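The values are calculated or read from the model by the stated rules, or taken from the named source; none is laboratory data. Remember, it's a predicted structure, so these values are computed and weren't measured experimentally. All Cβ positions, even for glycine, are placed from backbone atoms using ideal geometry, and neighbour counts span all protein chains on display.
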Amino acid sequence: MPKVIRLSFDRNLDDTIKYNVYRDVSPGIDRTNEKVMEIVQPLALTNIEQVKGEVLTGDTNFLTYKGLHRNWVNDDENYPVKVFINGVPQASGFEVDFADGRIVFDAALAADDVVAADYHYDAVVALDIAEEQPGVTMLGAPAKDKAAPTAPKNLSIVANPLTNEAILTWQESTDQGTKYFYKVEAEDEAGNYSAMTAEVDVTLTAGLHQKPYIIESSKDGESWEVVRETDELQYVEAAVDVTPPETVAELTASVTAEPNAGFGDVTLTWINPSDDCGTLSKRYRVRARDAEGNYSSYAAVESVEVKSGLDKIVIKRKIDDGTYPEYNDSSDVVVEITDFEIETYTDAGLADGTGYAYSVFIVDKAGNVSEAATVQAFVTDVTSPSSVTGLQAKLI
Ligand SMILES: [Ca+2]
Ligand SMILES: [Ca+2]
């Protein structure tokens with residue numbers, strides 16, 4: 001419920017016909033200031049006698065008077081709220097919550113209890129709001145919170161390589177209000193004015209919006225888009241690292257064959273990249289708004305690099321057909337190596353007389369795959385022909 005300013009003062013029982021209310025954002029109000037409101041002399045007390053209670057259910061232990069409480073004055077001594085349960089006056093066992101307009105009972109009431117209240121206040125009460133009130137004429141715009149909240153504090157962004165996230169955090173904003181000063185005078189039918197009252201002031205603070213923080217992101221720092229409106233103090237950019245590692249360098253293949261054994265070995269050597277390549281998060285700016293729609297200035301941060309880290313070396317092989325294995329094709333995975341100290345591997349026991357095509361990939365922990373490093377190897381025919389059979393020698 002947005003806050004509103006309530007003015008209340010004792011009735012002037014002289015020949016007053018109306019009250020003139022002056023308001024300004026600076027102190028020292030006199031008749032040259034804007035007259036924002038006229039209130040006719042109320043004809044009767046502000047009276048909510050015999051308000052009929054609700055039928056309460058379950059463990060409900062309070063009764064709310066919707067809207068009415070804004071006219072209540074927190075003066076238990078002179079203007080007590082009398083409470084009846086099922087017609088029986090209650091001397092104790094309840095408290096009046098003037099701020100929220102509730103009568104709160106110490107113990108839960110029975111489901112079918114009917115509560116009534118009797119309250120009167122012999123005074124003038126008016127709210128500085130736009131909505132219509134009996135006897136009140138608004139001459140100026142109603143008081144409004146025009147002050148923005150403070151900007152989010154300590155906005156920072158950190159990379160979490162384990163989760164591949166950039167995490168934006170900040171600290172709570174505080175709403176600020178606009179201070180209004182008031183004075184009231186009484187006026188009679190002949191147009192005579194009383195002296196003005198002493199000046200009072202109150203700061204109208206709307207409070208933060210339900211989702212006070214508006215997060216905007218940008219790739220270039222020039223074009224911004226809203227990515228989230230939230231009441232949390234954190235925003236997570238997920239799946240930041242989309243940059244694959246560099247390809248391995250200096251990939252070579254050497255072949256050794258075992259004569260008559262019918263197969264050969266291919267030994268690959270290469271140089272691993274020293275580190276993964278990261279990706280920059282977006283840039284961010286965050287501002288806060290209050291319930292009235294006033295916006296704070298921005299808090300801003302630059303991007304942060306998220307680098308998930310090297311995960312594995314993947315070697316794939318196919319029979320040479322003029323192309324090389326691709327990471328996601330159906331060719332054989334020869335080996336996956338997670339130790340980046342290793343820069344050689346022997347693919348043993350290959351059928352001879354065959355050309356092989358190899359691709360070596362580096363994968364990061366976010367699953368990004370490098371370009372292939374490729375090499376061919378030909379295992380020459382080292383198989384001797386089979387023995388001659390049927391050899392005979394005879395004299396003819
Ligand atoms: Ca404000
Ligand atoms: Ca990467």
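Tabulated values for the structure
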read-out: Complete set of residues in the stretch 133-171 that are of a type in the set (D, E, K, R) and within 14 Å of ligand 1 (Cβ to nearest atom); value: Lys144, Asp145, Lys146
read-out: Pair list, Cβ under 6 Å, 6 or more apart: the stretch 139-155 residue over 24 Å from Thr169 (Cα atoms), other residue of a type outside the set (Phe, Trp, Tyr) and surrounded by fewer than 16 Cβ atoms within 10 Å (Cβ to Cβ); value: Leu139/Lys35; Gly140/Glu34; Pro142/Ala130
read-out: Qualifying residue in the stretch 363-373 (condition: more than 16 Å from ligand 2 (Cβ to nearest atom) and closer than 21 Å to Asn328 by Cα); value: yes
read-out: Out of Tyr284, Tyr298, sole residue that is surrounded by fewer than 17 Cβ atoms within 10 Å (Cβ to Cβ), farther than 22 Å from Val360 by Cβ and aromatic (Phe, Trp, Tyr); value: Tyr298
read-out: Residue within the stretch 77-90 that is surrounded by 13 or more Cβ atoms within 10 Å (Cβ to Cβ), touching a residue at least 12 places away in the same chain (Cβ under 8 Å) and assigned to a loop (DSSP other than H, G, I, E, B) present; value: yes
read-out: Those residues of the stretch 5-24 which are hydrophobic (A, V, I, L, M, F, W, C) and surrounded by fewer than 15 Cβ atoms within 10 Å (Cβ to Cβ), in sequence order; value: Leu13, Ile17
read-out: Residue list for the stretch 239-252, filter: farther than 18 Å from Ser281 by Cβ and either touching a residue at least 24 places away in the same chain (Cβ under 8 Å) or within 16 Å of ligand 1 (Cβ to nearest atom) (or both); value: Pro245, Glu246, Thr247, Val248, Ala249, Leu251, Thr252
read-out: Residues that are part of a strand (DSSP E or B), under 42 Å from the mean Cα position of the chain (by Cα) and surrounded by fewer than 19 Cβ atoms within 10 Å (Cβ to Cβ), drawn from the stretch 336-388; value: Glu336, Ile337, Val369
read-out: Filter pass, Arg317 being surrounded by 16 or more Cβ atoms within 10 Å (Cβ to Cβ) and closer than 30 Å to Leu208 by Cβ; value: no
read-out: Subset tally (residues that are part of a loop (DSSP other than H, G, I, E, B) and either surrounded by 14 or more Cβ atoms within 10 Å (Cβ to Cβ) or within 16 Å of ligand 2 (Cβ to nearest atom) (or both)) for the stretch 239-260; value: 10
read-out: Within the stretch 295-320, tally of residues that are assigned to a strand (DSSP E or B), within 30 Å of Trp224 (Cα to Cα) and hydrophobic (A, V, I, L, M, F, W, C); value: 4
read-out: Residue satisfying condition, being under 17 Å from the mean Cα position of the chain (by Cα), surrounded by 13 or more Cβ atoms within 10 Å (Cβ to Cβ) and within 16 Å of ligand 2 (Cβ to nearest atom), within set Glu165, Glu216; value: Glu165
read-out: Check on Ser156, under 21 Å from Ala238 (Cβ atoms), at pLDDT 95 or above and more than 16 Å from ligand 2 (Cβ to nearest atom); value: yes
read-out: Failed item, numbered, when Ala393 is tested on (1) over 45 Å from the mean Cα position of the chain (by Cα); (2) touching a residue at least 12 places away in the same chain (Cβ under 8 Å); value: (2)
read-out: Ser330 vs. criteria more than 21 Å from Pro244 (Cβ to Cβ) and not assigned by TED's automatic domain parsing to the domain that holds Trp270; value: no
read-out: Complete set of residues in the stretch 126-143 that are surrounded by 19 or more Cβ atoms within 10 Å (Cβ to Cβ) and closer than 30 Å to Tyr298 by Cα; value: Ala143
read-out: Single match in Asp381, Asp364, Asp320 (criterion: in contact with a Cys (Cβ under 9 Å, 6 or more places away or on another chain) and away from ligand 1 (no atom under 16 Å from the Cβ)); value: Asp364
read-out: Unique match (being at pLDDT below 70 and in the same structural domain as Ala123 (by TED's automatic domain parsing)) among Gly87, Gly67; value: Gly67
read-out: Among (1) within 38 Å of the chain's Cα centre (by Cα); (2) not in a strand (DSSP E or B) - the single one Lys211 does not satisfy; value: (2)
read-out: Candidate set: the stretch 226-238, residues that are part of a loop (DSSP other than H, G, I, E, B) and surrounded by fewer than 14 Cβ atoms within 10 Å (Cβ to Cβ); chosen: the one nearest to ligand 1 (Cβ to nearest atom); value: Asp231
read-out: Residue that is at pLDDT below 95 and outside any loop (DSSP other than H, G, I, E, B), where the choices are Leu13, Leu43, Leu7; value: Leu7
